[in-house]
1. Accessible area per residue of the stretch 56-213 at 1.4 Å probe, in Å²?
2. Looking only at the chain, where both bridge partners belong to it, what percent of the DSSP beta bridges are antiparallel (to the nearest 5)?
3. Starting from the amide H of Arg74, placed 1.01 Å from N in the peptide plane, find each other amide H under 5 Å away whose residue is 5 or more places distant or on another chain.
4. Could you size up the charge dipole of the stretch 181-245 around its Cα centre, putting +1 on the beta carbon of Lys and Arg and -1 on that of Asp and Glu, and report it in debye to the nearest 20?
5. Does the stretch 515-559 classify as rounded, prolate or oblate by the C-alpha gyration tensor (a ≥ b ≥ c root eigenvalues; a/c under 1.5 gives rounded; else a/b over b/c gives prolate, otherwise oblate)?
6. Return the FRET efficiency for the residue pair Glu332, Asn58: r is the Cβ-Cβ distance, R0 is 30 Å, and the value is rounded to the nearest 0.05.
7. Work out from phi, with θ = phi - 60° and the Karplus expression 6.51 cos²θ - 1.76 cosθ + 1.60, the ³J(HN,Hα) of each residue of the stretch 245-261, listed in order in whole Hz, and give x for Gly and Pro.
8. Hey, what's the stretch 411-565 come to in accessible area per residue, 1.4 Å probe, Å²?
Amino acid sequence: MKKIIYLLASVLVLTSCEDFLDTENYTKKTTGNWPASYTDAQQLLTGVYATLSEVTSNAQDSYYYMAELAADERFGGGGENDKQMQAYDKLMNFGADMMLTFWEGRYKGIYRANNGLETVGNWEDAVTETQKNQVIGELHFLRGFFYHELVEAFENIPLILTAESEDMPQADPDLVYGQIAYDLKQAIELIPQTKAPSDGHATKWDAEALMARVFLFYTGFYNQTSMPLGNGEGENVGTITQDQVITWLEDCINNSGHDLVPDFRELWSYTNPYTAPYYSYANGLSWVEDGSNPEQMFSIKYSFLADWNDSQIGYSNQYALHMSLRHGNGYENTFPFGRGWGAGPVNSRLWNEWTQAEPNDIRRKASILDATDTEECSDYLWGQDTQMEETGYWQKKIINIQAYDGGERYDVFGYPMYGAQNDIALGSVTDLILIRFSDVLLMHSELKKDVTGINRVRTRAGLNPISAYSDEALRNERRWELCFEGRRWADIRRWGIVTNVLDSQEGVAIKNNGVDATIRAFGGGYSARYNATRGFYKIPESQVTLSQYLVQNPGWGSEAEFAGW
């Protein structure tokens, strides 16, 4: 994280030229006079990246958050009144505008990317072709990424390709996927090759990996053998084939410089130097820090300068706040695992099935906290602050991590390490890794139907190689390796196993406010809710009301409202 340079850029408000004016405003930045230089273009690009962390300032509204709680590996959790968390787990709705921040934020990013792509010709200073291609390629990548998240979350979305403010109808999903393919292909062809790790900018390798991710979801979910390819103007003119995707993944594997970190445990921030010596499980391990990690590809960066005032520079990682132990825990008795809001307790079936399938897999304990293990937590307290859907298992990947320095305990390791605030809401600086190199290896194995990538990942986990490819082996490996990284929801949907695994949550033992209970579905059951919605979430009502075109997704009537336990 500390190796990333954060640019101090104000939100740029661009106004269109009005042809009824008889004078030109030479001091106000408009789409007619800005960006006027390569430096301006870089500032504009920074503004596009900024929307990534802006969306996660209200983490609960984001696609990543929804996908984590909707899948079978975690429950909703939180306190009695945290009904949005629990609604995600039940595939239900809470409030008129659930996910509004995400919808608006992703379209803000798309608008800024569109503006950048439309104004390339404004640059007045001399730039090399390489510099120009880098900026244009990154804008294409980011726009493709934004549409990828939107279409996986909602399916029926407007496809906006200009910087004009327009009320647009929802596009055929094939056209959206064609546009994503176009943008990612442009990024692959334009962004210069640079060896990993990157400086925080999107790379050619990120685009190749994201192309594979989108291809696998589209072809699996829609039962197709290829993916549409657009022309950048809202029309499809070709296809992306499986062989093309394999070639791009092999380019990434062979030429990017990305590699697996030798020890899986050193990917996660509890191995930082201010925590590991005081945490027996991690003592002797050394965190491969953000910015120097060859396995880390595309990530959302967070700032150690986050504050509550109006001059706030960037945002802290709010996922860590939401997904840490509920208040009452998160002190010395659960060191190093810190406190927060208690979202996303881990389904005990994941721990049990993993133990049975791979008892020697180091990733299980590296990824999941068993709060009943006194070597992990000396005195975990059940039912704190009305904690709901509590299992005693918590994920370790994105969570507030405590630290010691000079004999003093701190709520977040970012305080002694980076000078962040010692505050559970503002001091978490850990990157949210959205694409990791191990995912590239597993996607390559899935598309090639071979064991090479699977075995490379298994070897790192201390497991024996497998001799032959099977879909079951691939699916298990993705489940173990990538749990809690936002991919399980898309995986179970594209594999066609979603209703079975969602229904398997029924009856799992939990505690609600310290009282024994079992997980149960609402709204007619997990399968019923999935079949009604196909896994696509409710478009925020305010957006439907404001538009003359938008139609709400199926399955989100009054029957979908979650009233709580």
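1. Accessible surface, normalised per residue, equals 29 Å².
2. In the chain, DSSP labels about 80 percent of beta bridges as antiparallel.
3. Answer set, sorted by chain and number: Asn347.
4. 180
5. prolate
6. It comes to 0.45.
7. 5, 4, 4, 5, 5, 5, 4, 5, 5, 8, 10, 7, x, 6, 7, 7, 5
8. Roughly 37 Å² per residue, with all protein chains present.
The values are calculated or read from the model by the stated rules, or taken from the named source; none is laboratory data. Fair warning: this is a prediction, and the values are worked out from it, not measured in the lab. Note that each Cβ is placed from the backbone with ideal geometry, even for glycine, and that neighbours are counted across all protein chains shown. With ligands, DNA and RNA removed, areas are computed over all heavy atoms of the protein, side chains included. Shrake-Rupley method; radii C 1.70, N 1.55, O 1.52, S 1.80 Å.
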